[in-house]
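The block underneath contains the structure these notes are about, expressed in structure tokens.
The values are calculated or read from the model by the stated rules, or taken from the named source; none is laboratory data. Model, not experiment: these values are computed from the prediction. Cβ coordinates were reconstructed from backbone atoms using ideal geometry, including for glycine residues, and neighbour counts include every protein chain displayed.
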Amino acid sequence: MTSKTGPIGPNVIKVHVFQPSGRKVYTVIGKAKEYWTAPDLDFCSCRSFYFGALSSGKPCYHLIGVHKVIRQKSFSSLDFVDYDYDRFIMAIISDSSKNVLTP
Ligand SMILES: [Zn+2]
């Protein structure tokens with residue numbers, strides 16, 4: 001298991017790596033909330049993504065931040081197994097709908 005931390009601006013980003021497929025889900029830990037992003041799917045669980053990015057096609061700043069840390073390889077990674085992937089995605093979707101409904 002590898003673990004790297006580094007200063008990456010106002011948000012802290014963690015990556016959940018599912019093995020053996022190597023699929024990745026990123027968590028952006030902001031001041032008030034955590035957001036789930038899946039850059040492979042161009043998905044983020046925040047409100048601005050839901051209301052803006054889907055219609056405008058522009059990524060929210062979480063996705064931009066995630067793409068940045070991927071380039072810089074500056075994130076903490078946690079290993080999971082593929083078996084947990086579906087459950088994880090379900091949790092993200094349920095979190096996402098809560099974020100969207102909460103002002
Ligand atoms: Zn976002």
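Step by step: first the residues of region 57-95, then only those that are in contact with a helix residue (DSSP H, G or I) (Cβ under 8 Å, 6 or more places away or on another chain) and among the aromatic types (Phe, Trp, Tyr), then the one that is modelled with the lowest pLDDT. Which residue is that?
Checking each candidate, the answer is PHE75.
Being in a strand (DSSP E or B) and of a type in the set (S, T, N, Q) is the filter; apply it to region 1-29 and report the residue that is modelled with the lowest pLDDT.
In this case the residue turns out to be THR27.
Out of the residues in region 30-43 that are in a strand (DSSP E or B) and within 15 Å of LYS68 (Cα to Cα), which is nearest to the chain's Cα centre (by Cα)?
Here the answer is THR37.
Taking SER48 and the conditions (1) small (Gly, Ala, Ser); (2) surrounded by fewer than 19 Cβ atoms within 10 Å (Cβ to Cβ); (3) under 9 Å from the mean Cα position of the chain (by Cα), which numbered condition does it fall short on, given that it satisfies the others?
(3)
List every residue pair whose Cβ atoms lie under 6 Å apart, where the two residues are 6 or more positions apart in sequence or sit on different chains, the first residue falls within region 32-47 and is under 15 Å from ASP86 (Cβ atoms) and touching a residue at least 24 places away in the same chain (Cβ under 8 Å), and the second residue, located anywhere, is assigned to a loop (DSSP other than H, G, I, E, B) and of a type outside the set (Val, Ile, Thr).
Final answer for the pair search is TRP36/SER45.
Say whether the condition of being closer than 15 Å to VAL12 by Cα and among the β-branched types (Val, Ile, Thr) is met by at least one residue in region 46-65.
The answer is yes, given that some residue of region 46-65 is closer than 15 Å to VAL12 by Cα and among the β-branched types (Val, Ile, Thr).
Could you list, in sequence order, all residues of region 30-56 that are modelled with pLDDT under 80 and either basic (Lys, Arg) or under 16 Å from SER76 (Cβ atoms) (or both)?
Answer for region 30-56, where residues must be modelled with pLDDT under 80 and either basic (Lys, Arg) or under 16 Å from SER76 (Cβ atoms) (or both): GLY30, LYS31.
Condition first: away from the ligand (no atom under 12 Å from the Cβ), over 22 Å from VAL17 (Cβ atoms) and part of a helix (DSSP H, G or I). Can you find one or more residues in region 44-57 that meet it?
The answer is yes; a qualifying residue exists.
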